[in-house]
Amino acid sequence: MKKINSADSATKEMLKLAQEASIQTIWERSELQEPHCGFGILGLCCKNCNLGPCRIDPFGEGAQYGVCGADKDIIAARNLLRHTVAGSACHNDHGRDLTLALLALAEGKTEGYRIKAEDKLKEVAKEYGVSVENRPLNAITKDLAEKILAEYGQQSGELVFVRRAPKKRRELWRKLGIMPRGIDREITEALSRTNIGVDNDYKSLVNATMKVALSDGWGGSMVATEVSDVLFGLPEPVRSQANLGVLKEDEVNIIVHGHVPLLSDVVAETAMEEALIAKAKAKGAKGINITGICCTANEILVRKGIPVAGNFLQQELALVTGAVDLMLVDLQCVMPSLAKVASCYHTKIVSTHEKARFPGVEHVEFKEEEAVTTARRLIEEAIENFPKRDKARVHIPKEKTDIVVGFTAEGVFHHLGGRYRSTYLPLNNAIIEGRIRGVVAVVGCDNPKNESGGSHIAMVKELLAHDVLVVQTGCAAVACGKAGLLQPEAALKYAGLGLREVCEAVGIPPVLHSGACVDNSRILIECCNILNEGGLGEDFSDLPVAGAAPEWMAEKAIAIGWYAVASGIFVLFGSSLPVLGSDNLTRYITKDIFDIVGAGWSFESDPVKGAHIIIDHVNKKREKLKLRPMLHPPITVDNKEMAAVV
Ligand code: BF8
């Protein structure tokens with residue numbers, strides 16, 4: 001039986017239960033795949049054409065070229081680009097879905113949506129050159145949606161949000177030929193480059209990788225974030241809870257799972273209707289409990305304070321509680337195994353997105369024009385399912401941790417600036433004076449190859465102890481939330497003295513949850529705001545900042561890492577990108593590239609060592625900026641307590 005490898009006691013408890021019930025989960029499947037394919041790990045297999053599949057012998061003895069003549073550099077770089085394209089496409093399409101909904105709203109074709117952030121709509125509209133003075137909201141909305149959609153098909157020029165980046169960076173992108181011109185154009189061009197016999201230079205392929213990733217970070221992801229804010233409201237700091245203990249034994253439990261908040265937001269709002277609650281009560285439930293998994297959970301968590309049941313690895317385990325009456329899935333990070341696990345219980349799974357189907361799973365297409373009607377129907381199905389629960393098999397772990405979430409670029413602005421002065425000055429000053437060493441984003445997935453969740457927690461604690469302010473999104477944020485790091489009180493326990501002073505003065509946690517993975521674009525904006533405030537250089541590559549994904553697994557994570565690097569932000573992954581089979585490519589993206597874009601990659605599986613690589617990087621940036629030495633020495637991380645968590 002697979003050794004249970006998780007930092008979270010609720011996960012351990014439910015995994016044990018699953019194993020006793022002979023329900024296979026991601027942990028067993030991960031073990032059954034071991035040892036994972038070495039050619040795949042090294043990036044040395046190519047199946048892009050029917051001359052092969054080919055693979056390069058990493059020991060230099062067997063084949064050193066594919067049938068077409070491609071060497072290990074070309075093969076690894078081409079694979080890397082394909083991964084990045086796939087990840088970027090996911091985020092970009094997510095942004096498109098939201099913009100199409102925005103257009104439908106403007107045309108009066110939606111049910112249940114409205115503009116919740118009028119100011120933001122107008123600000124973004126102005127950026128796109130849409131006139132906002134004395135015009136009806138609908139007209140502004142329609143023009144904006146059409147302009148954004150046009151950027152998807154744009155053939156030349158530059159993306160609008162790119163203008164938010166520092167001038168120096170934009171000039172560099174132009175010089176390197178990696179300025180994204182249109183969102184779909186970069187996806188298509190990048191894929192076309194990876195065909196047999198097209199782009200055969202690994203450096204050129206890396207350039208294409210950066211360009212397509214920039215179309216994500218400064219394109220699709222930023223569109224997704226901004227349009228979500230317009231449609232669903234700007235997140236604000238809100239208290240909530242995280243972990244499987246948020247499921248309720250005496251209520252109808254509905255889990256929303258996936259990524260696009262078009263579904264989850266309207267389900268969360270509709271579930272509050274009196275008539276539906278009355279129906280639930282008539283079936284013996286005390287109410288309707290909406291919770292979420294993965295990034296759609298993060299979307300409604302940061303906007304509405306809806307509790308999050310778990311991150312990626314917990315999706316099967318949520319069903320093993322036997323208490324989930326309905327799981328609604330849209331797309332991305334939804335395991336195909338869910339239908340099988342659900343079949344062991346009364347749980348109903350419904351897929352809702354036309355792009356994501358699951359054999360044997362009921363499909364109810366979620367269309368914006370009948371959003372509320374569909375949500376109502378689905379909630380009624382969950383209510384009908386509630387009495388079918390086998391009470392003897394219901395097992396909900398007690399773990400649920402209090403969290404404070406919802407820190408956006410605008411919100412941080414407000415909080416760190418204090419109530420009377422909305423400015424980044426206090427944050428910049430805290431960095432300049434040596435209270436805060438730097439700002440690091442610890443983001444990304446959780447992965448059964450790691451001690452899941454544990455890598456995030458260990459890395460974040462080490463960073464906090466060294467006065468690093470941590471910003472999070474995605475499953476990493478949920479992992480740290482479960483461990484109590486998203487509470488203001490965490491500053492007292494884990495933060496170095498300087499960081500602690502700042503957190504106490506402002507009343508924020510030392511770890512700021514900023515939302516879903518597309519909301520990593522918020523972190524780019526925060527970096528822009530820090531630069532605009534002044535005193536810390538003129539480009540991202542000057543800032544004492546970094547990004548990390550200790551347990552990354554999705555291709556989306558690769559795309560995020562690349563747009564950060566291309567933006568001049570150093571990135572550390574907990575396991576290597578599939579490039580190690582090519583010495584040239586590895587050296588290029590971990591060393592040479594620093595001289596080209598001012599940032600690059602590092603790989604380190606030990607999260608504490610990883611934290612120190614990041615701290616060294618931040619220290620070097622501080623030295624270059626000639627900032628004052630840190631006011632306080634780092635504190636020691638309480639490893640005993642860490643051991644207790646693990
Ligand atoms: O987009 S962190 S496992 S849920 S890919 Fe997926 Fe990774 Fe979680 Fe969100 Ni992001």
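The values are calculated or read from the model by the stated rules, or taken from the named source; none is laboratory data. Here the structure is a predicted model, which means the values were calculated and not measured. In this analysis, Cβ positions are derived from the backbone assuming ideal geometry, glycine residues included, and neighbour counts consider all displayed protein chains.
Within the group Ile525, Ile558, which residue is within 16 Å of the ligand (Cβ to nearest atom) and in contact (Cβ under 8 Å) with a residue 12 or more places away in the chain? None of the other options fit; the residue is Ile558. The condition (being crowded, with 21+ Cβ neighbours inside 10 Å and modelled with pLDDT under 95) is satisfied by just one residue among Leu425, Leu416, Leu338: Leu416. Among helices (runs of 4 or more DSSP H) entirely within the stretch 546-619, having at least 2 residues that are crowded, with 24+ Cβ neighbours inside 10 Å and among the aliphatic types (A, V, I, L, M) singles out 555-566. The single residue among Ala477, Ala490 that is within 21 Å of Arg522 (Cβ to Cβ) and within 16 Å of the ligand (Cβ to nearest atom) turns out to be Ala477. Counting the residues of the stretch 78-101 that are touching a Phe, Trp or Tyr at 6+ places or on another chain (Cβ under 7 Å) and among the basic types (Lys, Arg) gives 1.
Going by the conditions given, is Ile56 on the phi < 0 side of the Ramachandran plot, buried (at least 22 other Cβ atoms within 10 Å of the Cβ), modelled with pLDDT of 95 or more and aliphatic (A, V, I, L, M)? Here the answer is yes, as Ile56 does meet what is asked. Candidates in the stretch 259-286 are the residues that are without any contact (Cβ under 8 Å) to a residue 60 or more places away in the chain and basic (Lys, Arg); of these, the one that is surrounded by the most Cβ atoms within 10 Å (Cβ to Cβ) is Lys281. Restricting attention to the stretch 370-394, the residues that are surrounded by fewer than 17 Cβ atoms within 10 Å (Cβ to Cβ) and either farther than 21 Å from Gly287 by Cβ or in contact with a Phe, Trp or Tyr (Cβ under 6 Å, 6 or more places away or on another chain) (or both) add up to 4. Note on the stretch 567-577: among residues that are among the small types (Gly, Ala, Ser) and in contact with a Gly (Cβ under 8 Å, 6 or more places away or on another chain), the one that is nearest to Asn447 (Cα to Cα) is Gly574. Just one of (1) away from the ligand (no atom under 16 Å from the Cβ); (2) of a type outside the set (Val, Ile, Thr); (3) without any contact (Cβ under 8 Å) to a residue 40 or more places away in the chain fails for Gly292. It is (1).
Filtered by the rule that a residue be surrounded by 16 or more Cβ atoms within 10 Å (Cβ to Cβ) and either small (Gly, Ala, Ser) or within 15 Å of Met222 (Cβ to Cβ) (or both), the stretch 155-169 gives Glu158, Leu159, Val160, Phe161, Val162, Arg164, Ala165, Arg169. Take the conditions surrounded by fewer than 20 Cβ atoms within 10 Å (Cβ to Cβ) and assigned to a helix (DSSP H, G or I) and apply them to Ser228. Does it pass? Judged against the criteria, Ser228 is not a match. Out of curiosity, is Leu44 under 25 Å from Ser576 (Cα atoms), of a type in the set (A, V, I, L, M, F, W, C) and surrounded by fewer than 13 Cβ atoms within 10 Å (Cβ to Cβ)? No, not satisfied. Taking the numbered list (1) without any contact (Cβ under 8 Å) to a residue 40 or more places away in the chain; (2) surrounded by 21 or more Cβ atoms within 10 Å (Cβ to Cβ); (3) among the aliphatic types (A, V, I, L, M) in turn, Leu32 passes all entries but (2).
Once the stretch 433-467 is narrowed to residues that are over 23 Å from Asn5 (Cβ atoms) and under 20 Å from the mean Cα position of the chain (by Cα), the residue that is farthest from the ligand (Cβ to nearest atom) is Val439.
Restricted to the stretch 295-326, and to residues there that are among the β-branched types (Val, Ile, Thr) and touching an Asp or Glu at 6+ places or on another chain (Cβ under 7 Å), the residue that is nearest to the ligand (Cβ to nearest atom) is Thr296.
Residues that are out of contact with any Lys or Arg (no Cβ under 6 Å at 6 or more places or on another chain), away from the ligand (no atom under 16 Å from the Cβ) and free of Cβ contacts under 8 Å to residues at least 12 places away in the same chain occur at least once in the stretch 351-365. Determine whether Ser343 is surrounded by fewer than 18 Cβ atoms within 10 Å (Cβ to Cβ) and farther than 30 Å from Leu486 by Cβ. Spelling it out, Ser343 is indeed surrounded by fewer than 18 Cβ atoms within 10 Å (Cβ to Cβ) and farther than 30 Å from Leu486 by Cβ.
Is it the case that some residue within the stretch 452-463 is over 13 Å from Ala548 (Cα atoms) and in contact with a Pro (Cβ under 7 Å, 6 or more places away or on another chain)? There is no residue in the stretch 452-463 that is over 13 Å from Ala548 (Cα atoms) and in contact with a Pro (Cβ under 7 Å, 6 or more places away or on another chain).
Evaluate the following for Arg500: is it basic (Lys, Arg) and farther than 24 Å from Pro261 by Cβ? When the stated conditions are applied, Arg500 passes them.
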